[in-house]
Amino acid sequence: RDLHSFPTRRSSDLVLSHIPFVAWLVKELQPATFVQLGTQSGNLYFAACQTVAENSLPTRCWAVGTWQAEELAQRHSVQQEAGASDYNRQHFGAFSSLLRMGDAQALPRFAPGSIDLLLIDGRYSPETVRNEYESWRDRLSDHAVVLLVGIEQADSGAAALWQQLQPQYPHLAFAHAQGLGVLAVSGNVPKAFQSVLDRKSVV
């Protein structure tokens with residue numbers, strides 16, 4: 001999938017290989033609200049947005065992050081974040097917003113039970129990722145799906161949270177490219193997606 005000419009796209013970004021699944025999932029779920037917490041390269045977020053645009057889905061997309069956390073302050077300049085904002089306005093401004101703020105500021109913008117698809121970039125400390133999930137959990141709808149990036153990355157918050165959550169919910173795990181965990185945190189998901197979960201496979 002070509003993400004037009006997004007300025008911060010990098011061929012070395014491992015999550016690029018998760019784009020086909022994320023795009024399929026967005027098309028299948030048709031979430032009313034999609035939120036991504038932590039937005040490093042922007043590749044997965046903008047792939048989701050492009051899927052919404054190409055399929056005329058009724059989805060509102062939000063990316064939440066300070067773009068200054070941990071090592072990102074060194075890897076991403078203010079100019080790159082500004083480029084992402086410009087790119088978002090140009091291609092997806094009708095339904096997508098980039099919120100440059102922390103969880104405490106962003107949470108009040110979302111009603112409890114309103115988020116159908118939540119993507120957490122879990123390549124941070126276990127405490128950070130666990131706190132994010134706990135903070136946003138009551139915002140999840142009764143047919144929500146949660147994606148965790150980084151479940152195969154040693155000592156990451158995603159790996160720790162995945163071990164805690166995957167026994168509780170139907171799930172699917174992709175082991176390549178630092179890992180992607182998929183959790184159906186409710187029992188109300190589309191049949192095509194449920195059939196994938198029923199296989200309980202690791203790809």
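The values are calculated or read from the model by the stated rules, or taken from the named source; none is laboratory data. In this text, all values refer to a predicted model and were calculated from it rather than measured experimentally. Methodologically, a virtual Cβ is constructed for each residue, glycine included, from the backbone with ideal geometry; neighbour enumeration extends over all protein chains shown. Note: areas computed on protein heavy atoms with side chains; ligands, DNA, RNA excluded. Shrake-Rupley method; radii C 1.70, N 1.55, O 1.52, S 1.80 Å.
A few comments on the model shown:
- In the stretch 171-199, residue most open to solvent (accessible area, probe 1.4 Å) [restricted to those that are over 18 Å from the mean Cα position of the chain (by Cα) and under 16 Å from Phe21 (Cβ atoms)]: Arg199
- The C-beta contact set for the stretch 141-165 (first residue open to solvent by 20 Å² or more (accessible area, probe 1.4 Å) and outside any helix (DSSP H, G or I), second residue basic (Lys, Arg) and modelled with pLDDT under 90, distance under 8 angstrom, 6+ apart or interchain) comprises Gln153/Arg123.
Results for (1) touching a His at 6+ places or on another chain (Cβ under 7 Å); (2) in a loop (DSSP other than H, G, I, E, B); (3) under 19 Å from Ala94 (Cβ atoms), shown as yes or no for each residue.
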{"site": "Trp24", "(1), (2), (3)": "no, no, no"}
{"site": "Lys27", "(1), (2), (3)": "no, no, yes"}
{"site": "Pro31", "(1), (2), (3)": "no, yes, yes"}
{"site": "Gln36", "(1), (2), (3)": "no, no, yes"}
{"site": "Tyr45", "(1), (2), (3)": "no, no, yes"}
{"site": "Ala48", "(1), (2), (3)": "no, no, yes"}
{"site": "Ser56", "(1), (2), (3)": "no, yes, yes"}
{"site": "Cys61", "(1), (2), (3)": "no, no, yes"}
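- Scanning the stretch 99-133 for residues that are assigned to a strand (DSSP E or B) and open to solvent by 40 Å² or more (accessible area, probe 1.4 Å) yields a single hit, Arg100.
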